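Novice: First the structure, then my questions, so here it is.
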Amino acid sequence: MNPEPPTGTPRATATLEALHITKTFPGVKALDDVSIRLAPGSVHALLGENGAGKSTLIKALTGVHQPDSGSIVVGGAERRLSDPSAARDAGIGVVHQERNVIRGFTVGENIVMGRMPRRAGRIDWAGVTREARRCLELLDLELDPSTPIVDLSSAQMQLVEIARALYTETTVLLLDEPTASISAAESDRLFRVVDRLRDEGTAILFVSHKLEEVYAHCDTVTVLRDGHSVLESEPLSAHSHDEIVDTMVGRALGSLTVPDRRARPVAAPALSLVDVTTTAGHHGVGLEVRPGEILGLYGLVGAGRTELAHAIVGLERITAGELRVNGEPVRIRSLREALHRYRVGYVTENRKEEGVFLEQSITRNIAVTVWSKLQRGPGFISAKKERDLVAGYVSDLDIRISSQSQLTGRLSGGNQQKVSLAKWLAAEPEILIIDEPTVGIDLRTKRSFYELIWKLADEGMAILLISSDLAEMITLADRIAVMDRFVINGELENSHDYDSMSRDVIHLIHSGAEVAR
Amino acid sequence: MRSAIRAQLTTPRFLLFVIIVVLVAVIVALKPSFLNGAFVLAPLITSIAIFTVVGLAQMVVLSIGHMNIAVGNMAAFGAMISGISFDLFGLPLVAGIAAGLVGGGLIGALTGWIIARTGVNSFIVTLAMSFALLGLVPTVYSALSTGSAFVVKPAGFDALGRDSFADVCQFGYCGPAAIPVMVVPVIVVMVLVAVLYTKTRVGRELLLTGSSVKAAEFSGIPTSRRIVLAHTLSGVLAALAGILLATSIGSFTPSIGDEFMLQSFVGPILGGTLLAGGYVSVTGTLLGITLTLVIRKGLELFGVGIETLNVLLGVILLIALSADRVREIRLRKGRTPDASAPPPSDPARSADRSTEEVPA
Amino acid sequence: MKRSIASVLRSQSTTLVAIIVVGTVLLGIASSGNFFSPIPFRTFFQFLAVPILIGLAQMITVAVGQLNLAVGAIGGVAAALSAVMMADAGVPVWLGAVVPLVVGTLAGLVNGWLVVLTRINGFIVTLATMTILLGAQYALVSTRTVSAANWAPLADIGKATVFGLPVIFLVSVVVAILVALAFRYTVTGRSLLASGDNPEAARLAGISNDRSVIVAHAASGLLCGVAALVSIASLPGINQSVGGDWLLPSFAAPIIGGVALTGGSVAVLGTVLAATVVRLVDTARAEFQLAPAWVNFVIGAVVLGTVALGRVRQVRQERRLGAERAREASSTAILEKTR
């Protein structure tokens, strides 16, 4: 415990080096021999797709996870970071992707939490306010430390968490996707803080999916892919935008034969949204998906894609505009209604919490949507019909199980995702919304998923595919609609040519800003 | 097939069964009077029957990951309605019992509705409901009865509560005196509840709601309605237990159900029902209740005070759960990277989770 | 901490104070002033001490997101052991007064330790320890009542008053103040709140959630011990029924007093005021010669109303905030696009 916080400038500097870090979780090698070097007075970008290992690396650097092997050296001394406060003692501050605040406390207490200033054995509340104000001033933040933290926006909470990191002597600051869910104005403010800390000599690690801001603010870069570092602590200026994207995405999917889907039949739209406004915040959204077509809905995290899916299946309310299923204007009030009345299925992005029942058998998981069809007398389920149905999907989707009574939680992520999908396929929907189907899934399973999605489309299903994996989008979709901050910026016919398509899509995302200029 | 048998042999149910058999053998060896049909076994089996229903009343809410603190008060309420039906309206046996069950069901439904509607933790809502009933029931008794008890007995009342099969004679043969008539309705109820959970769609939806409300919602299960249903069933079963207890003691009093709450948890939990929801066991509940009541009877025979039973019950509960926990940790080791689980906070959700058994 | 007048007016405590004032006036009128004469006045506060203490005991476990079903059983055993020691073993009264505090703390420690060690949910752990302790209490006193004559000096303190207020009531008030100070001015107190509010964030800030759980249960046990001591001092004798009716009121006071059941908050004043309201209801019941059962009915209804209303208000607020945020997000997006 260090009751006396450091006071001010000039601040100490140190280099953080992580060498040959390996971290294995059961069944997954999350980090494989990854090294990274953060130098004082520079901003280091850590890039990679979802599931590449970025957050695991950050957690290994901050004592949340202990690496299986490798060493962490701060300012020339090797450190064993056994828990989060050991990392803090080593001068490593972090702002995680999720907000970690105590909602019942004030801004001030959230900043000094864990190391409260004390006088004569009791908490010195005047000291709390003073110290918190000092940290806030370091960031040029005009926030009253006595404000309840719940009154702040998520972006402001994030800045408070940076202030917390500065409360103790912080020479290394790790920022995990700080700009993922905040507005452009808020990002600008964050970057002013980052630039300033850099100028004062802090070593900063910056995780982001937005390459534009990475190029604008970062000096060096490390790129992770599937737990390996494909670029290791290199100057960012040596690599072009496209090179970086290539290293992030890889061309591992290159062996996949993309079917020619240009000859697909043209039918009347199965699902259409006309000028839709929702309680989630969407505005003037228009989309059309035809039977047999895969419409990709692309956007960055927080763009409002999942929320749009929720609005379609009745989990959010549509307040203006029209939702049409097979041309008929409809009002869907619940997921049950979406499925059983309008035949709209929704494969959720949150597999573990919403997609499957981890503690239940595979049979139960797949048959849940169709029990009404498996009846043998009123309310009674025919176990045989149920088994046969499930066996059909298990073999169709190539789900690797030991028996139908195996608990779904025991399956690998990819197989769990297939169970989640099978559940909806069993209900025989005409329209299927698939939300981030391949996050955290290995390449082989990914490929079989892609083939499955094409097959479903060929069979006439209208598919709305949501993904933040651009390569996946360009591989799978027939058309790509680009969403940014709850508005559709535009739609592109997919040429399946990665280079031109990725340029066009990124361009569309930023078209809002360009119109402004 | 062999693995299926082995799976059966490692369930808590089988363990319970073995313990009960050994225990009974020991008691009989030391106190042969334990086998006295009319005076020891019949009362024992009667209380096993009644408390099994109590255990089921708790089990149905545990199945959705909720709990019912008011189970004893709901029993008192249901019994009170039956008592009023007999005493003030002179209804026949079956009609009076039906009225009591409906009363219990309505209170349960109200509880479930409040939980589903407000989203407040079931612990608190049923706790408040127990307060309310604790106040209401004695007040009604003192207003409507003399001496705070309903004593009018319709035809068949005593037969249900006190007869054994020795009183059921056919062709000159009578049944054993050790088995009370009451086991018949209780077995019927057990079978009905078991069928509900294993064979019907609604029962499975209850279990899935208990397994994960979110995933259930996302699978199109009407979770609110299932919550109301579980609490309604709990109310009906509690009322049934209260009425059966009244028939066995011979009158309806406000103190019916006083001893139900603890037993209602001990039975299902010993039997392997998960507190967190998603898995239930009817036979396990029966065995859990049987074990505790056999211990109680045994202690009585040895002249040991009832307080020892309480201590023993608590210790058994802790040991059973700790053992479960140890087994689960062993199973889970190397399965999830969840090294940082915070301490359990929500009483209803973060409970022990045995992942061993899959419902049939 | 600055607070606007409006938020003070809206707070739970203000409502409770208003209810107490109105209730007191009505009771005064109904009893034609008799309620304010010394003896009823003293009795009122005499029987307020235990509800305050057990309400606080429960509040502390709720603050870390736990609960303690064993409040009554801990208090009962603590009182019974102390009574038996003083009456049968000739333990001096001063030592007999310390026993309940030690027993309570130990029982609480065991609760907390079991929760942390086994990771079994606190409900079941305290249910089990409650059963064990109830058995122990019965074993200690069985059917007898140990008379207060065995600890005359303590019983005198139980009857003593200062400025017309019973000493034991003042003890409970002092305890309440200490609890409030502990939650405000000690690092441990703040850690308890942090663990109850957001265990993950607390852990990342270097707070041990396990320690918070153990400390909370131990403190809760200690307060049950104080309540047991107060019972010894004020009751005519100790028997197996002591503590038997503590469980429900122990939850009622914090819930009505505005403590969030999800953990992370305390309301010492609210808990004390809520216990006072419950006591008023009981007094009114006696005044109008209604059956004691009515009090439970009223409390049950009030608790249900409180949680339901609180929840409805919360949902409404969340919905409003969500809508505002969404509007903000889409309007800035549109703004940026049309700028």
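Just so you know, all these numbers are worked out from the coordinates, no wet-lab data involved. These numbers come from a predicted model, not from an experiment. When we count neighbours, we look across all protein chains shown, and the Cβ atoms used for this are built from the backbone with ideal geometry, even at glycine.
Novice: Relative contact order (percent) for the range A:379-439, with alpha-carbon contacts under 8 angstrom and 6 or more residues of separation?
Specialist: Rounded, it is 29 percent for the range A:379-439.
Novice: Kyte-Doolittle cut-off -1.0, length cut-off 30 Å along the helix's own axis using Cα: show which whole DSSP H helices in chain C pass.
Specialist: Qualifying helices: C:93-118, C:209-234, C:293-338.
Novice: Within 10 Å of each residue's Cβ, count the other Cβ atoms and sort C:Met86, A:Met248 from fewest upward.
Specialist: By the 10 Å Cβ count, ascending, the order reads A:Met248, C:Met86.
Novice: Could you work out the relative contact order of chain C? I mean the mean sequence separation of Cα pairs under 8 Å and 6+ apart, divided by the number of residues, in percent.
Specialist: Contact order relative to length: 31 percent.
Novice: From the convex hull of the Cα coordinates of chain A, what is the mean projected area in square nanometres?
Specialist: 26.8
Novice: If one takes the longest principal axis of the Cα atoms in chain A, at what angle in degrees, from 0 to 90 and to the nearest 10, does the Cα axis of helix A:443-458 lie?
Specialist: Helix A:443-458 sits roughly 40 degrees off the main axis of chain A.
Novice: Sticking with this one: Between A:Asp396 and C:Leu106, what FRET efficiency follows from the Cβ-Cβ distance if R0 is 56 Å, with the result rounded to 0.05?
Specialist: Result of the calculation: an efficiency of 0.35.
Novice: Over the Cα atoms of the range B:221-270, what is the Rg over Rh ratio if Rh follows Kirkwood?
Specialist: Rg/Rh: 1.09.
Novice: Tell me which residues come under 5 Å, amide H to amide H, from A:Leu47 once H is placed; ignore anything under 5 positions away on its chain.
Specialist: A:Thr222, A:Val223, A:Leu224
Novice: Return the average number of partner chain Cβ atoms within 10 angstrom of each residue Cβ along peptide A:349-359.
Specialist: That average works out to 6.
Novice: Which whole-number percent gives the relative contact order of chain A, counting Cα pairs below 8 Å spaced six or more residues apart?
Specialist: Reported as a whole number, the value is 14 percent.
Novice: Can you compute the helix-only [θ] at 222 nm over chain C? Use -39500 (n - 2.57) per DSSP H run of at least 4 residues, normalise by all residues, nearest 500 deg cm²/dmol.
Specialist: So the calculated ellipticity at 222 nm is -25500 deg cm²/dmol.
Novice: Between A:Ser153 and A:Ala268, how many nm apart are label points set 7 Å from Cα along the C-beta direction?
Specialist: Label-label distance for A:Ser153 and A:Ala268, simple model: 4.4 nm.
Novice: Work from the charge dipole of the range A:17-149 (Cβ charges, +1 for Lys and Arg, -1 for Asp and Glu, about the Cα centre) and give the residue of A:Ser69, A:Ser146, A:Ile36 farthest towards its positive end.
Specialist: So the residue we want is A:Ser146.
Novice: Quick one: A:Lys418, B:Lys297, fewest Cβ neighbours within 10 Å first, how do they rank?
Specialist: Neighbour counts put them in this order, fewest first: B:Lys297, A:Lys418.
Novice: Using a 10 Å cut-off around each Cβ, can you sort A:Leu16, C:Leu247 from fewest to most neighbouring Cβ atoms?
Specialist: The most exposed by this proxy come first: C:Leu247, A:Leu16.
Novice: On to the next question. Can you show me the helix-derived [θ] at 222 nm for chain A, built from DSSP H runs with n ≥ 4 at -39,500 (n - 2.57) apiece and divided by the number of residues, rounded to the nearest 500.
Specialist: -9500 deg cm²/dmol
Novice: Also: Within a 10 angstrom radius of each residue's Cβ in A:98-105, how many Cβ atoms of other chains show up on average? Whole number is fine.
Specialist: 6
Novice: Shape verdict for chain C, please, from the Cα gyration tensor: rounded (a/c under 1.5), prolate (a/b greater than b/c) or oblate.
Specialist: In terms of gyration-tensor shape, oblate.
Novice: Okay, next question. Would you calculate the separation in nanometres between label points at B:Thr198 and B:Val315, each defined as 7 Å from the Cα along the Cα-to-beta-carbon direction?
Specialist: 3.5
Novice: For a protection proxy built on the mean count of beta-carbon atoms within 10 angstrom, sort A:272-281, C:193-202 highest first, please.
Specialist: Descending packing order for the listed peptides: C:193-202, A:272-281.
Novice: Among A:Ser382, B:Ala132, A:Cys218, whose Cα lies farthest out toward the positive end of the dipole of the protein assembly as shown, if unit charges sit on the beta carbon of Lys, Arg (+1) and Asp, Glu (-1)?
Specialist: B:Ala132
Novice: From the backbone phi of the range B:54-64, what are the Karplus-calculated ³J(HN,Hα) couplings (6.51 cos²θ - 1.76 cosθ + 1.60, θ = phi - 60°) in whole Hz, Gly and Pro given as x?
Specialist: 4, x, 5, 4, 6, 4, 5, 7, 4, 4, 9
Novice: Anyone know which of C:Thr143, C:Thr188, C:Thr129 comes out most mobile in the 10 Å Cα GNM of chain C?
Specialist: Evaluated over chain C, the most mobile residue of the options is C:Thr143.
Novice: Seen from all sides and averaged, what is the projected area of the convex hull of the Cα atoms in the protein assembly as shown, in nm²?
Specialist: 51.8
Novice: With no other cysteine's Cβ closer than 4.7 Å, which Cys residues of the protein assembly as shown count as lacking a disulfide-compatible partner?
Specialist: Within the protein assembly as shown, the cysteines lacking a partner Cβ under 4.7 Å are A:Cys135, A:Cys218, C:Cys224.
Novice: Report the FRET efficiency, 1/(1 + (r/R0)^6), for A:Asp458 and A:Thr22, where r is their Cβ-Cβ distance and R0 is 45 Å, rounded to 0.05.
Specialist: 0.60
Novice: While we're looking at this one, here's another question. Pick out, from A:Thr171, B:Gly172, B:Leu207, the residue whose Cα sits farthest towards the positive end of the charge dipole of the protein assembly as shown, with +1 on the Cβ of Lys and Arg and -1 on the Cβ of Asp and Glu.
Specialist: Positive-end residue among those listed: B:Gly172.
Novice: For a test of the definition: using alpha carbon positions, the gyration tensor, and the 1.5 limit on a/c, classify the range A:378-517 as rounded, prolate or oblate.
Specialist: Verdict is prolate for the range A:378-517.
Novice: Pull up the DSSP beta bridges for the protein assembly as shown and report the antiparallel fraction as a percent, rounded to 5.
Specialist: Bridges in the protein assembly as shown are about 60 percent antiparallel.
Novice: As I understand it, the value is the acute angle between the Cα axis of helix A:413-426 and the longest principal axis of the Cα atoms of chain A; what does it come to in degrees, rounded to 10?
Specialist: Around 40 degrees separate the two axes.
Novice: Once phi is turned into ³J(HN,Hα) by the Karplus curve 6.51 cos²θ - 1.76 cosθ + 1.60 with θ = phi - 60°, what whole-Hz value does each residue of the range A:341-357 show in order, with x for glycine and proline?
Specialist: Result, ordered by residue: 9, 10, 6, 10, x, 9, 8, 6, 7, 8, 4, 5, 9, 10, x, 9, 9 Hz.
Novice: Just how large is the dipole of chain C about the Cα centre, in debye to the nearest 20, putting +1 at every Lys and Arg Cβ and -1 at every Asp and Glu Cβ?
Specialist: Rounded to the nearest 20 debye, it is 1140 debye.
Novice: Oh, and also: Across peptide A:367-376, how many C-beta atoms of other chains are within 10 Å of each residue C-beta, on average?
Specialist: 3
Novice: Could you tell me which of rounded, prolate or oblate describes chain B, using a ≥ b ≥ c as the square roots of the eigenvalues of the alpha-carbon gyration tensor, with rounded for a/c under 1.5 and, failing that, prolate when a/b is larger than b/c and oblate otherwise?
Specialist: Cα axes put chain B in the oblate bin.
Novice: From the helices alone, meaning DSSP H stretches of at least four residues, give me the mean residue ellipticity at 222 nm for chain B, per-run term -39500 (n - 2.57), in deg cm²/dmol to the nearest 500.
Specialist: -22500 deg cm²/dmol
Novice: Roughly what would the spin-label model give for A:Ser382 and C:Val174, points 7 Å off Cα along C-beta, in nm?
Specialist: 7.7
Novice: With r as the distance between the Cβ atoms of C:Thr262 and A:Asn350 and R0 = 25 Å, compute the FRET efficiency 1/(1 + (r/R0)^6) and round to 0.05.
Specialist: Here the calculated transfer efficiency is 0.70.
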